[in-house]
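Visitor: I am attaching a structure below and will ask some questions about it afterwards.
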Amino acid sequence: MKARSLLFVPGDRPDRFQKAASSSAEGLILDLEDSVATESKSYARSAVSEFLSTPLEKPVIVRVNGLGSPDIRADLKLFETLSPAGIMLPKAEGAETIRQLLSLARAPLPPILPVATETPKALFQLGSYQEVSDALLGLTWGAEDLPTAIGATTSREESGHFTPPYELVRSLALFAAHAANILAIETIFPNIKDITSLKAYASRARRDGFTGMMAIHPAQTDIINQAFAPSSAEIEHARKIVSAFEGNDSAQGAIQLDGKMLDAPHLKQALRLLASIDVN
C-alpha cells in the first residue's frame, strides 16, 4: 500500500467519513480507540462496518482497541466479513503482541500496522518485528502515550522538535521498520494551525527515511503529500545518476558526476526515488 498521508477519522463520526475520503489524504485511519468514548464503541463499529461495506476509492485502515481492552474481540469480528487495507494495533509490544492478535482472530486479518512505542516495554521489543514481518503493513510510533506512561510533562520542545528521549524513540522506530522491510510511518503533528512547522516536520520525516505520515486534520494532508513528493530537481538528479552509471563502461564501481564521487549506494537511492514515482 502506497500512501504518503494517512488521515485519522473518529469511528463514531460517520458524517466525516466521506469528507475525509474526498480530501487529499491518500489513506484513511478509521479510529475505534482513543477518539471514541467507551459508550460509543459499539456505534463506531457499526458506522465503520457500514462505510467499509461500500466500494472505496482509497485505502482504509481501522485502528482497533488494544489487546488489553474488553472491546478487542468485538473489533476483530468486523474483519470476519470486511477486508480493509490494514489494521492499526495500538499499545503494541513487539512480535508477541502481533501473534496474540492473530490468535484472537477467527478469520485471516488484513496487514497490521502496530503503534510500536506507546509503553516503555515496547521500546525493548522493536527489533522483534522482523519475526512477524509477513503479517505487517508497516510500523508507526507515538509521542503522546509514552510521556504519560513515564510521568514526563511533554515529548516536544516549544518549537515542535522532540526532546532527546523521544528523538531516540523516533529513530529506533524508523530503523525497526526498515529492518523488517515494511513501511515506516511518521507520527502526527498535533498543532493543526501551525502549517509552517508542519511543513518542516514532514520534510524532516521524508529526509530521515520515513515513507509516509499520519494526519489529524484534512488541512494537513496537502502539506504532507507535498513534503513526501520528490522535487523536480531531485528527479532530474536521480535520472542523471542512473544515466551516468548506465554509461559507465569501466569496471570501476564509482563514477564522477558534477564534481562528486558516486558509488553503488547513490545508484540504489536514485533508483528507489524513481521507483517511488513510477518513473524509469
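Visitor: Around VAL9, what is the net charge, scoring Lys/Arg as +1 and Asp/Glu as -1 over all other residues with Cβ under 15 Å from its Cβ?
Guide: -2
Visitor: Structure shown: which of LYS2/LYS199; LYS77/LYS199; LYS19/LYS193 lie over 28 Å apart, alpha-carbon to alpha-carbon?
Guide: Exceeds cut-off: LYS77/LYS199.
Visitor: Report, to the nearest whole %, how much of the accessible area of the stretch 1-81 belongs to carbon and sulfur atoms, 1.4 Å probe, protein only.
Guide: The computed percentage sits at 48.
Visitor: I'd like the carbon and sulfur percentage of the solvent accessible area for the stretch 125-249, probe radius 1.4 Å, heavy atoms only, ligands and nucleic acids excluded.
Guide: Whole-percent figure for carbon plus sulfur exposure: 52.
Visitor: Then there's this: I need the phi-derived Karplus couplings for the stretch 148-160: 6.51 cos²θ - 1.76 cosθ + 1.60, θ = phi - 60°, integer Hz, Gly and Pro marked x.
Guide: 4, 5, 10, x, 7, 7, 6, 10, 10, 6, 4, 6, x
Visitor: Same structure, new question: Leaving out ligands and nucleic acids, and using a 1.4 Å probe, what accessible area per residue does the chain come to in Å²?
Guide: Per residue, the chain has an accessible area of 50 Å².
Visitor: Oh, and also: Determine, for each peptide in 114-121, 149-156, 44-51, the mean count of other beta carbons within 10 angstrom over its residues, then list the peptides with the highest first.
Guide: Output ranking for 114-121, 149-156, 44-51: 114-121, 44-51, 149-156.
Visitor: Name the residue, out of GLY86, GLY212, GLY160, whose mean-square fluctuation peaks in a Gaussian network model built on the chain with Cα pairs under 10 Å.
Guide: GLY160
Visitor: Let me check something: with ligands and nucleic acids excluded, how do LYS58, LYS41, LYS2, LYS240 order by accessible area (1.4 Å probe), largest to smallest?
Guide: LYS2, LYS240, LYS58, LYS41
Visitor: Here's a follow-up. In deg cm²/dmol, rounded to 500, what helix-only [θ] at 222 nm does the chain give when every DSSP H run of at least 4 residues adds -39500 (n - 2.57) and the total is split over its residues?
Guide: After summing the helix terms and dividing by the residues of the chain, the value is -11000 deg cm²/dmol.
Visitor: Here's a follow-up. Where a Cα-Cα gap under 14 Å defines reach, which aspartates and glutamates qualify for LYS121, not counting those fewer than 8 residues away within the same chain?
Guide: Here the aspartates and glutamates satisfying the reach criterion relative to LYS121 are GLU93, GLU96, ASP145.
Visitor: Once amide H atoms are placed 1.01 Å from N in the peptide plane, what residues at a sequence separation of 5 or more from ALA215, or on another chain, have their amide H within under 5 Å of its amide H?
Guide: Placed amide hydrogens put LEU6, LEU7, PHE8 under 5 Å from ALA215.
Visitor: With percent of Cα pairs over 31 Å apart as the read-out, I listed [x] 31; [y] 47; [z] 27; which label goes with the value calculated from this structure?
Guide: [x]
Visitor: Another question about this same structure. Taking H as built 1.01 Å from N, whose amide H comes closer than 5 Å to the amide H of PHE162, not counting residues under 5 places away?
Guide: Answer set, sorted by chain and number: GLU157.
Visitor: Quick one: which residues, 5 or more positions from MET88 or on another chain, have an amide H under 5 Å from its amide H? H modelled 1.01 Å from N in the peptide plane, none for Pro or chain starts.
Guide: Under 5 Å from the amide H of MET88 lie the amide H atoms of VAL62, ARG63, VAL64, LEU113, each far enough along the sequence or on another chain.
The values are calculated or read from the model by the stated rules, or taken from the named source; none is laboratory data. It should be emphasised that the depicted structure is a prediction, and the values quoted were computed from it without experimental measurement. Glycine also receives a Cβ, built like all others from the backbone with ideal geometry; neighbour counts cover every protein chain displayed. Calculation scope for accessible area: heavy atoms of the full protein, side chains included, ligands and nucleic acids excluded. Shrake-Rupley method; radii C 1.70, N 1.55, O 1.52, S 1.80 Å.
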